[in-house]
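Engineer: The following block contains the structure, expressed as C-alpha cells.
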Amino acid sequence: MATIGMGDIKKNVRLEIAGVPYKVVEFQHVKPGKGAAFVRMKVKSFTNGKVIEKTVHAGDKFEVPNMEHKTMQYLYDDGEMLQFMDNESYEQLGLLYEQCEDAMKWLKDGTNVEIVFHNGQAISVDAPDTMELVVTETPPNFKGDTSSGSKKPATLETGAVVQVPYHVLEGDTIKVNTVDGEYVEKVK
C-alpha cells in the first residue's frame with residue numbers, strides 16, 4: 001500500500017491515522033533554528049468531521065486510505081438521516097447529518113453527489129463543485145450601491161447564505177462554488 005511522508009503533506013491530501021481516514025485542511029512546514037524540520041497540520045476526519053492537530057516528523061509515514069467514490073442521487077431528508085439512491089442498482093442509502101455536514105447546505109432533491117466509501121462503508125458526501133441555485137431572500141438594492149466590491153447576503157433555496165453583488169435580486173438563479181461557498185455568476 002502507498003504511504004505518505006512529511007514531504008508529501010499538502011492541503012486536501014488524504015491519509016489514514018489509526019485506521020481512520022483524514023483530509024489535510026491546514027499545514028505548516030516548520031524549520032526551527034535547532035533540531036530537525038517538522039510539519040504542523042490540521043486534519044479533518046471523514047467519519048465524524050472533527051478536526052485534530054498533528055505534528056509530523058521526518059521519519060513518520062501514513063497509509064493512503066482505501067477510498068472509493070460512487071455517484072448517487074440525493075432524495076430527501078427523513079428527519080434523522082439524508083437518503084441517497086444508487087443510480088445503477090436503485091438501492092437506497094442513509095447517511096447521518098454529521099457525515100453530510102459540509103455538503104448538506106447545498107443539496108436539493110435530485111442532485112447527483114459523490115458518496116465517499118472507506119473500506120466499503122459510506123462515510124461522507126461531496127456536493128458538486130458548482131451548483132445553480134435560486135435566490136429566495138436578499139435585501140433590496142439602494143440607489144448609489146454601485147461600488148464594484150460591495151456585496152450583500154443572499155439566502156438560497158437550500159438554506160445556504162452566500163455574499164452576492166448588489167445586482168442580484170430575489171428569484172434570480174446564480175451559480176455558486178460549493179467548495180469555498182462563494183458566488184460565481186448570475187445564470188441567464
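Engineer: Take every Cα pair under 8 Å in the stretch 10-78 that's 6+ residues apart, average their separations, divide by the length, and report that relative contact order as a whole percent. Write down the numbers at each step before the final one.
Structural biologist: Working: 108 pairs, mean separation 18.4, N = 69.
Taking the mean separation of contacting Cα pairs over the length of the stretch 10-78, I get 27 percent.
Engineer: Would you mind getting the accessible area per residue of the stretch 23-78, heavy atoms of the protein chains only, 1.4 Å probe, in Å²?
Structural biologist: Numbers: 3590 Å² over 56 residues.
Roughly 64 Å² per residue, with all protein chains present.
Engineer: Give me the percent relative contact order of the stretch 1-119, please, defined on Cα pairs under 8 angstrom at least 6 residues apart.
Structural biologist: Values: 232 pairs, mean separation 26.4, N = 119.
Normalised by residue count, the contact order of the stretch 1-119 is 22 percent.
Engineer: Only four residue types carry charge here, +1 at the Cβ of Lys and Arg and -1 at the Cβ of Asp and Glu. Report the dipole size of the chain about the Cα centre in Debye, rounded to the nearest 20. Display every interim value, and only then the final one.
Structural biologist: Numbers: 21 positive and 29 negative charges, 253 e Å.
Charge dipole of the chain: 1220 debye, to the nearest 20.
Engineer: Report D for the stretch 1-90 in µm² per second (integer): Stokes-Einstein, Kirkwood Rh on Cα pairs, 4 °C, 1.567 mPa s. Don't skip to the end; give the middle numbers.
Structural biologist: Numbers: Rh = 15.3 Å.
It diffuses with D of about 85 µm²/s by this estimate.
Engineer: Taking R0 as 25 Å, what FRET efficiency do you get between N112 and V161 from their Cβ-Cβ distance, rounded to the nearest 0.05?
Structural biologist: Working: r = 24 Å, r/R0 = 0.94.
After rounding to 0.05, the efficiency reads 0.60.
Engineer: Sticking with this structure for a sec: Run the numbers for K61 and T136: contour at 0.36 nm per residue of separation, minus the present Cα-Cα distance, in nm.
Structural biologist: Gain in length upon complete extension: 22.2 nm.
Engineer: Determine the relative contact order of the stretch 80-130: mean sequence separation of Cα pairs under 8 Å and six or more apart, normalised by residue count, in whole percent.
Structural biologist: Numbers: 62 pairs, mean separation 14.2, N = 51.
Over the stretch 80-130, the number comes to 28 percent.
Engineer: Computing the accessible area with a 1.4 Å probe over protein heavy atoms, can you report the carbon and sulfur percentage for the chain? Present the calculation step by step, with values, prior to reporting the outcome.
Structural biologist: Numbers: 5340 of 11080 Å².
Of the solvent-accessible surface of the chain, carbon and sulfur hold 48 percent.
Engineer: Could you work out [θ]222 nm for the chain from helices alone, using -39500 (n - 2.57) per DSSP H run of at least four and dividing by all its residues? Round to the nearest 500 deg cm²/dmol.
Structural biologist: Numbers: 1 runs with 4 residues, N = 188.
Taken over the chain, the calculation gives -500 deg cm²/dmol.
Engineer: So for the pair K11, Y97, with labels modelled 7 Å out along Cα→Cβ, what separation do we get in nm?
Structural biologist: With each label placed 7 Å out from Cα toward Cβ, I get 2.9 nm.
Engineer: Given H69, N141, N119, which one lies farthest toward the positive end of the charge dipole of the stretch 45-147, if we put +1 on the Cβ of every Lys and Arg and -1 on the Cβ of every Asp and Glu?
Structural biologist: Value: N141.
Engineer: Mind checking which of V13, N87, Y97 is farthest towards the positive end of the chain's charge dipole, using Cβ charges of +1 (Lys, Arg) and -1 (Asp, Glu) about the Cα centre?
Structural biologist: Sorting the options by dipole projection puts first V13.
Engineer: Next question, about the same structure. Suppose each label sits 7 Å from its Cα in the direction of the beta carbon; what would the N177-V51 distance come out to in nanometres?
Structural biologist: 1.8 nm
Engineer: If you don't mind, another one. Taking 0.36 nm per residue of separation and subtracting the Cα-Cα distance, what length does fully extending N87 through T3 add?
Structural biologist: Working: separation 84, 0.36 × 84 = 30.24 nm, distance 3.27 nm.
Using 0.36 nm per residue and subtracting the Cα-Cα distance, I get 27.0 nm.
Engineer: Working only with C-alpha atoms, what are the Rg and Dmax values of the stretch 41-188, expressed in angstrom?
Structural biologist: Here Rg and the maximum Cα pair distance are 18.7, 62 Å.
The values are calculated or read from the model by the stated rules, or taken from the named source; none is laboratory data. Everything quoted here is computed from the prediction, not taken from an experiment. Cβ atoms come from the backbone with ideal geometry, glycine included; neighbour counts cover every protein chain shown. Heads up: the accessible areas ignore ligands, DNA and RNA and are worked out on the full protein's heavy atoms, side chains in. Shrake-Rupley method; radii C 1.70, N 1.55, O 1.52, S 1.80 Å.
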